[in-house]
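Engineer: Quick one: the structure is below, questions incoming.
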Amino acid sequence: MSLHTLTIAQARDLLKRREISSLELTRAVLDRITALEPAIQAFLTVTAEAALAEARQADAAIAQGRMAPLTGIPIAIKDVICTLGVRTTCGSRILERFVPPYDAFVMQRLKAQQAVMVGKLNMDEFAMGSTTEHSAFQVTRNPWNTACIPGGSSGGSAAAVAAEMCLASLGSDTGGSIRQPASHCGVVGLKPTYGRVSRYGLVAFASSLDQIGPLGKTVADCAEVMQAIAGHDPSDATSAPNAVPDYMAALNRGVQDLRIGIPKSYFESQGLDPQVAAAVRQAITTLERLGATIVDVALPHTDYGVAAYYVIAPCEASSNLARFDGVKYGLRDGGADELLDMYRATRSQGFGPEVQRRILLGTYALSAGYYDAYYRKASQVRTLIMRDFAAAFQKCDLIASPVTPTPATPIGAHADEPLAMYLSDMYTLSANLAGIPGISVPCGFSTDGLPIGLQLQAAHFQEERLLAAAQAFEQATDFHKRKPAL
C-alpha cells in the first residue's frame, strides 16, 4: 500500500488502529514531494524537518489516546496564510523573506488537532490570477498534463492534492481561486460562506471577498478540514458568530427532496466549451436520478458580475497593498535618497505586472471624480447580484453550473490576454460578490483527459447542503477515483 494515496478517512482509521504511524505517513508524503516536485512545482517551501517532528508528536498523542480527526494527517498550506516561523511570501518578491511572528486562525485550529504541515504552496502573486503563472517564483503545472495550467490562484493547493503530495490543503477564494483550480485538477474544493472561516492571518487581497477553504481528494476530506477551521474568531471583525454544524454528519443526507436550480444563462454564455457543458448537464441528470428536483432559476445580473468584480477587487487590493511600502517589513530598495523614490523603487521591484495592473486599476477607480462612476456603481451591481441569489434560493436549495468555461488551458495561452484570464472566473466570482458558499466536485473529463468540475452553490451558511449533494454525486460516480499518470 502506498501511503500517499490514502484519503484522510483511510489514514485516520489506520492511525487509530496503530497499523501505520504518522511518521511513516509523513515520510511517504515527503518522498512523494521529492519525486514529483521538480515536474509539478507546487511548493514554495517544504518544511520536512518540522513535519517529521510534528509527526512524532502526533504519534505520541495517538499512543496516549489523544487523537483528533486530523491528528497526524499531512496537510499543505497556500502561501498567503501566515505560519509562525515559516516563510510566507504570497508568491511575491516583496515578501520573499517575510517570516510571520504569529499563526493564522486556521493554522491555530489545525495545530490544535496536531495536523502535520508539510509545506507552503505556490500561488498567483497576492492571489491575483487564475493560472498560477503570476507567481514571482515559479509556474505550477497541472498534474494531468504538465503543459497546462493548474488554475489559480490556489494552483499549488490543487496540484499538490491531485499529485498526492499531501492528503489535503488550504487555499483562499476571492473570485473562484479554490473552485477553479479544483476543477482543473480533478479534486474537490470548497469556498465557504463569507465569515464562516476567520480571515485572521490571511494576507488580504480584497477583504470583502476573500475566504479560506479546503481542497481534498474527496468531499469527506473537505468536510473534515472544514470542521476543523470553521468557527467564530474575535480577532476577525467579519467572522460570523453562527454555531458550526456537524459537517461530517451531513454527508449522508443525500439529495432527496432537494431542489436544484439551473440558471439557463450560464449554459448560453459565449465561450462555454461544449465538453464542459455536456459533462455538467450529465452531472445534473445524475443528481436528478438520485432524487433531486430540477428547476429553472434566473440570475439576471450575472452578465455584469465580471465588470463589477474587477472594479471592487482592484479597489480593495489598492488599499490593502498600500502597506507594502518598504518601511515596515518586506522588500526595501536601498538605493533611493528620497522617501517617495524609495516607495516607487520598492513597489516597482517587489510587485509583478499583474499586481501592478490591479493596483493601478483600483487606485484610478477610487480617485477623486471617479469613485461614484466606478466603485459606487460596482457596489450597487453587487447588491443586485446578491438579490438575484436571494430570489433564486426562494425557488431552490442549490444552484448547479459549470465551474469554468473550459478545461485547463496550455501554459502561456493567455499571457498577453488578461481579459481572457478574467473571464475564466465568470461562473465563480458571483458567489464571492454575494458571500455565498460554493463547491467544485469532479464530474468528467475532456477528450484530452483534462478534468471538468461541477459547481454547486447554496445560500449563506448552507455548507451542509453543498457537502451532502456533492457527496451523493461523488458516491454515484467514479471521477474522483481517477488519478493522473505521474
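Engineer: I'd like to know if region 311-324 contains one or more residues that are over 30 Å from ARG97 (Cβ atoms) and either modelled with pLDDT under 95 or not basic (Lys, Arg) (or both).
Structural biologist: yes
Engineer: Mind listing whichever residues of region 204-234 are in contact with a helix residue (DSSP H, G or I) (Cβ under 7 Å, 6 or more places away or on another chain) and polar (S, T, N, Q)?
Structural biologist: Passing the criteria: SER207, SER208, THR218, GLN227.
Engineer: Given region 143-245, what strands (runs of 3 or more DSSP E) lie entirely inside it while holding 3 or more residues that are in contact (Cβ under 8 Å) with a residue 12 or more places away in the chain and under 15 Å from VAL441 (Cα atoms)?
Structural biologist: It comes to 188-191, 212-216.
Engineer: Every residue in region 255-283 that is among the hydrophobic types (A, V, I, L, M, F, W, C), within 23 Å of VAL306 (Cα to Cα) and assigned to a helix (DSSP H, G or I), please.
Structural biologist: Passing the criteria: PHE267, VAL276, ALA277, VAL280.
Engineer: Taking the condition closer than 23 Å to ALA220 by Cα and among the aliphatic types (A, V, I, L, M), does ALA28 pass?
Structural biologist: Criteria met by ALA28.
Engineer: Looking at the structure I just gave you, is ALA249 assigned to a helix (DSSP H, G or I), surrounded by fewer than 17 Cβ atoms within 10 Å (Cβ to Cβ) and free of Cβ contacts under 8 Å to residues at least 60 places away in the same chain?
Structural biologist: In short, yes.
Engineer: Same structure again: Considering (1) under 30 Å from PRO101 (Cα atoms); (2) assigned to a helix (DSSP H, G or I); (3) among the acidic types (Asp, Glu), say which one ASP303 fails and leave the rest.
Structural biologist: Only one criterion is unmet by ASP303, namely (1).
Engineer: Here is a further query. Mind checking which residues of region 309-361 are aromatic (Phe, Trp, Tyr) and more than 24 Å from SER130 (Cβ to Cβ)?
Structural biologist: Step one: of region 309-361, the residues aromatic (Phe, Trp, Tyr) are 309-310, 324, 329, 343, 351.
Matches in region 309-361: TYR329, TYR343.
Engineer: For TYR329, only one of the following conditions fails: (1) part of a helix (DSSP H, G or I); (2) touching a Leu at 6+ places or on another chain (Cβ under 9 Å). What is its number?
Structural biologist: (1)
Engineer: Something else: Answer yes or no as to whether ASP257 is over 19 Å from TYR102 (Cβ atoms), surrounded by fewer than 24 Cβ atoms within 10 Å (Cβ to Cβ), of a type outside the set (Gly, Ala, Ser) and at pLDDT below 95.
Structural biologist: Details: over 19 Å from TYR102 (Cβ atoms): yes; surrounded by fewer than 24 Cβ atoms within 10 Å (Cβ to Cβ): yes; of a type outside the set (Gly, Ala, Ser): yes; at pLDDT below 95: yes.
Taking the combined requirement at face value, the residue satisfies it.
Engineer: Within region 139-156, is even one residue closer than 18 Å to ASP221 by Cα and of a type in the set (Gly, Ala, Ser)?
Structural biologist: Yes: one or more hits.
Engineer: State the number of residues belonging to region 55-106 that are of a type in the set (A, V, I, L, M, F, W, C) and farther than 23 Å from SER21 by Cβ.
Structural biologist: Qualifying residue count for the region: 13.
Engineer: Please pick out the residue among ALA115, ALA127 that is under 22 Å from ASP236 (Cα atoms), crowded, with 22+ Cβ neighbours inside 10 Å, of a type outside the set (Asp, Glu) and touching a strand residue (DSSP E or B) at 6+ places or on another chain (Cβ under 8 Å).
Structural biologist: Matching residue, one of ALA115, ALA127: ALA127.
Engineer: Name the residue, out of THR363, THR285, THR346, THR302, that is among the hydroxyl-bearing types (Ser, Thr, Tyr), in contact (Cβ under 8 Å) with a residue 24 or more places away in the chain and within 30 Å of THR447 (Cα to Cα). Give the derivation first.
Structural biologist: Working: THR363 fails: within 30 Å of THR447 (Cα to Cα); THR285 fails: in contact (Cβ under 8 Å) with a residue 24 or more places away in the chain; THR346 fails: within 30 Å of THR447 (Cα to Cα).
The match here is THR302.
The values are calculated or read from the model by the stated rules, or taken from the named source; none is laboratory data. Please read these numbers as outputs of a predicted model, since none were measured by experiment. Using ideal geometry, Cβ is built from the backbone for each residue, glycine included, and neighbour counts are taken over all protein chains shown.
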